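The block underneath contains the structure these notes are about, expressed in structure tokens.
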Amino acid sequence: MGPDGTVYVAFENEQNEALWETGEQFEDQYLLVTSTDGGETWSSPTFVVGLEDGSADYPINVSGRQTLTGYQLRVNSAGNIVASPTDGTLYLVFADNRNGTHDSEEPVTNTDVFLMISSNGGSSWSGPMLVDGSGGDQWFPWVDVDPTTGDIGIVYNDRGAANGPLYNASLLEGTPGALSKTVVSTAASDPTMSRYFRAGVEGCETCATFHGDYINISYGSDGVANMVWTEMSVPSDIEGLFYQFITYARQ
Ligand SMILES: [Ca+2]
Ligand SMILES: [Ca+2]
Ligand SMILES: [Ca+2]
């Protein structure tokens, strides 16, 4: 909700076939609807951005869901929208595989986090701005605005420079184009050695098919970022496998 009370809802759908590459069975776009009367009535949807997250853009896991290379976790491209409480600027984040091997029979992920910005209530947008283009996967982004400064924070899962077994929860803070990154997880997660949701497929027997959808950041009135994410770093009752815990941090 913007400082003038306008409500903004962003959502994905698969219906814009003009964005699909040859052979796609689905591919998402982000749309926006707004309400200026507290949700009594809503605008028609307007286009924000097309995504590279279709049926030929990600590997498929044992459950028939999109996943990341070397993992079995179900993932998707979704992020969120937030309106700055200080000046009403809209920020929308998502992650997709436009910088990986996509529209292929054998997609290889290098998903990245992107930011869309609107300074006129969603009438027009700038972006996608690449905010973390590291060579491994970055996914499940969430953005919020620090009400004391107007700066943004984006939390997301992060495999870093290359796609090994481990990932962390990372945080970008600052202004668009001048974001600084810190790792907020206490220890790296290993979703290939999971106590729960084990895929049971050859070469990835103990890979988790689910790691929680999604992770989140919310700034308090004190300007501190409150963050939650799923962490798979704590040894479980089965040797070598890790629990899935909900982890919280303030920064
Ligand atoms: Ca496309
Ligand atoms: Ca595609
Ligand atoms: Ca990446």
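The values are calculated or read from the model by the stated rules, or taken from the named source; none is laboratory data. It should be emphasised that the depicted structure is a prediction, and the values quoted were computed from it without experimental measurement. Heads up, the Cβs are rebuilt from the backbone with ideal geometry, glycines too, and the neighbour counts pull from every protein chain shown.
Residue-level check: of (1) surrounded by fewer than 22 Cβ atoms within 10 Å (Cβ to Cβ); (2) under 21 Å from Ala78 (Cα atoms), Cys204 misses just (2).
Within the set Gln66, Gln72, the sole residue that is within 17 Å of Asp213 (Cβ to Cβ) and either within 16 Å of ligand 3 (Cβ to nearest atom) or among the acidic types (Asp, Glu) (or both) turns out to be Gln66. Within the set Gly39, Gly5, Gly50, the sole residue that is farther than 21 Å from Ala208 by Cα, in contact with a helix residue (DSSP H, G or I) (Cβ under 6 Å, 6 or more places away or on another chain) and surrounded by fewer than 20 Cβ atoms within 10 Å (Cβ to Cβ) turns out to be Gly50.
Entry remark, region 37-88: residues being within 16 Å of ligand 1 (Cβ to nearest atom) and not small (Gly, Ala, Ser) number 10 in total. Residue-level analysis places Ser35 outside the set of residues that are at pLDDT 95 or above and within 16 Å of ligand 3 (Cβ to nearest atom).
Residues in region 97-141 that are within 16 Å of ligand 3 (Cβ to nearest atom), closer than 27 Å to Asp151 by Cβ and touching a Gly at 6+ places or on another chain (Cβ under 7 Å): 8 in all.
Residue-level check: of (1) of a type outside the set (Ser, Thr, Tyr); (2) surrounded by fewer than 21 Cβ atoms within 10 Å (Cβ to Cβ); (3) within 16 Å of ligand 1 (Cβ to nearest atom); (4) over 22 Å from Pro59 (Cα atoms), Asp103 misses just (4).
Criterion applied to Tyr248, Tyr196 was being modelled with pLDDT of 95 or more and closer than 23 Å to Asn61 by Cβ, and the one residue passing it is Tyr196.
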